[in-house]
Amino acid sequence: MAEKITIKEAAEIVKDGSIVSFSGFTIWRRPMAIVYEMIRQHKKHLHLLEVNGGTHSEFLIGAGCVDIWESCWIGHELYGKYGKNISRKIRNGEIIVEDYSHAEMAFRFAAAAAGMPFVPSQSSMGTDIHNPEYDMLDKAKLRGSHKKIPLKKFQYMDDPFFGDGTYILVPAAKVDIAILSVQYVGEEGTVRLLGQKYTDIEAARAADICIVIAENIVPEEYLREEPYYNAIPTFEVNYIVEAPYNAHPTGMYGFYDVDGDFIRSFYNASATQEEFDSFLKEWVYDLDHYSYLDKLGSERLSIIRANPINGFSTNLKRGKK
């Protein structure tokens, strides 16, 4: 049965050097409350292994928590282009970036979830993703340095069954800790996801430890009344945390929309390290989760709060043709 803990205690489980993955997709259902707390606790040398990056990754990278980022893309969709923090860290030689295609990253998590060491794919064949010159973990002499870092980035293989050409084998995404931001979790750890599930189910299964941060902790009996809506069973969840608005400024379908103004402000403030450090001082270091919500204010939170019928905010001004 999952253990109920606080955001602070959840962040303490993430040790320096951990390989970490997250729920959600770009600006949806990212576990920002624990990301902020990890920054407050000055986590170091993290290896982020994720299907795609987003606002959460940019915060951790900008705060100097990350040594390795292994994924396919990072950005803020409508509210900011490719991450400025990671771009600056790459230019300064402060981070290792290992690039796979989006499909390959999803396949890697599927392999790990199935208990397989690799998966065959024809995604990205003929591109520089498979150019040995861009195997950055190999260049850093990190291949095989950790039991969860594969000995190779990829391997070519001819189809032995149907003679259907050449395939790429990509390694499973083996993760120390998966941190999920969800709508509901049961008292024992059953997870219910509303809307798109992304690769959350695979991430939970790929990780040694799974931490779930939910808008609400609810009775297991409630979740079992409609079990077909549940996504992750109790035995795959180790720790649970209840924290309203825990994904802010990213969105939580059914509860609140993306706070685009906040993400845009953060994106603009990440133009330089000095500006980003000032943003962290204002919005992260001197706060905890609930004082952060107080600082945002009830009016701002009410504007992004979702209409319970359509799952999105009806108060936000959206673009027109």
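To keep it simple, each residue is scored yes or no on (1) within 30 Å of MET1 (Cα to Cα); (2) at pLDDT below 95; (3) more than 24 Å from the chain's Cα centre (by Cα); (4) of a type in the set (S, T, N, Q).
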{"position": "LYS141", "(1), (2), (3), (4)": "no, no, yes, no"}
{"position": "PHE161", "(1), (2), (3), (4)": "no, no, yes, no"}
{"position": "PRO171", "(1), (2), (3), (4)": "no, no, no, no"}
{"position": "ARG192", "(1), (2), (3), (4)": "yes, no, no, no"}
{"position": "ILE211", "(1), (2), (3), (4)": "yes, no, no, no"}
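If the Cβ limit is 6 Å and pairs must be 6+ apart or interchain, which residue in region 61-73 that is over 11 Å from GLU98 (Cα atoms) and touching a residue at least 12 places away in the same chain (Cβ under 8 Å) pairs with which residue that is among the small types (Gly, Ala, Ser) and surrounded by 22 or more Cβ atoms within 10 Å (Cβ to Cβ)?
Every condition considered, the pairs that remain are GLY62/SER270.
Residue by residue through region 227-248, note down the ones that are part of a loop (DSSP other than H, G, I, E, B) and either without any contact (Cβ under 8 Å) to a residue 24 or more places away in the chain or not hydroxyl-bearing (Ser, Thr, Tyr) (or both).
Initial filter on region 227-248 (part of a loop (DSSP other than H, G, I, E, B)): 233, 237-238, 243-248.
Of everything in region 227-248, those that are part of a loop (DSSP other than H, G, I, E, B) and either without any contact (Cβ under 8 Å) to a residue 24 or more places away in the chain or not hydroxyl-bearing (Ser, Thr, Tyr) (or both) turn out to be PRO233, VAL237, ASN238, ALA243, PRO244, ASN246, ALA247, HIS248.
For region 53-82: of the residues being of a type in the set (D, E, K, R) and buried (at least 18 other Cβ atoms within 10 Å of the Cβ), which is nearest to ASP277 (Cα to Cα)? Break it down into steps so the answer makes sense when it comes.
Residues of region 53-82 that are of a type in the set (D, E, K, R), as a first pass: 58, 67, 70, 77, 81.
If we keep only those that are buried (at least 18 other Cβ atoms within 10 Å of the Cβ) too, we end up with 58, 67, 70.
Details: GLU58: 13, ASP67: 18, GLU70: 24 Å.
Result: GLU58.
Applying the selection to region 28-52, what residues are buried (at least 24 other Cβ atoms within 10 Å of the Cβ), closer than 19 Å to VAL284 by Cα and β-branched (Val, Ile, Thr)?
ILE34, VAL35
Would a scan of region 83-96 turn up a residue that is surrounded by 16 or more Cβ atoms within 10 Å (Cβ to Cβ), more than 20 Å from the chain's Cα centre (by Cα), charged (D, E, K, R) and within 27 Å of GLU37 (Cβ to Cβ)?
Yes, the conditions are met somewhere in region 83-96.
Regarding TYR267, is this residue aromatic (Phe, Trp, Tyr), part of a loop (DSSP other than H, G, I, E, B) and modelled with pLDDT of 95 or more? Please lay out each step first, then the result.
Working: aromatic (Phe, Trp, Tyr): yes; part of a loop (DSSP other than H, G, I, E, B): no; modelled with pLDDT of 95 or more: yes.
No, not satisfied.
Out of all the residues in region 2-29, which are touching a Pro at 6+ places or on another chain (Cβ under 9 Å) and either at positive phi or basic (Lys, Arg) (or both)?
Matches in region 2-29: GLY24 only.
If I go through region 53-90 residue by residue, how many of them are β-branched (Val, Ile, Thr) and touching a Phe, Trp or Tyr at 6+ places or on another chain (Cβ under 8 Å)?
Quick first cut of region 53-90, residues β-branched (Val, Ile, Thr) only: 55, 61, 66, 68, 74, 86, 90.
From what's left, touching a Phe, Trp or Tyr at 6+ places or on another chain (Cβ under 8 Å): 55, 61, 74, 86.
The qualifying residues number 4.
The values are calculated or read from the model by the stated rules, or taken from the named source; none is laboratory data. Here the structure is a predicted model, which is why all the values come from computation and not from measurement. Don't worry about glycine lacking a Cβ; one is built from the backbone with ideal geometry, like all the others, and counts go over all protein chains shown.
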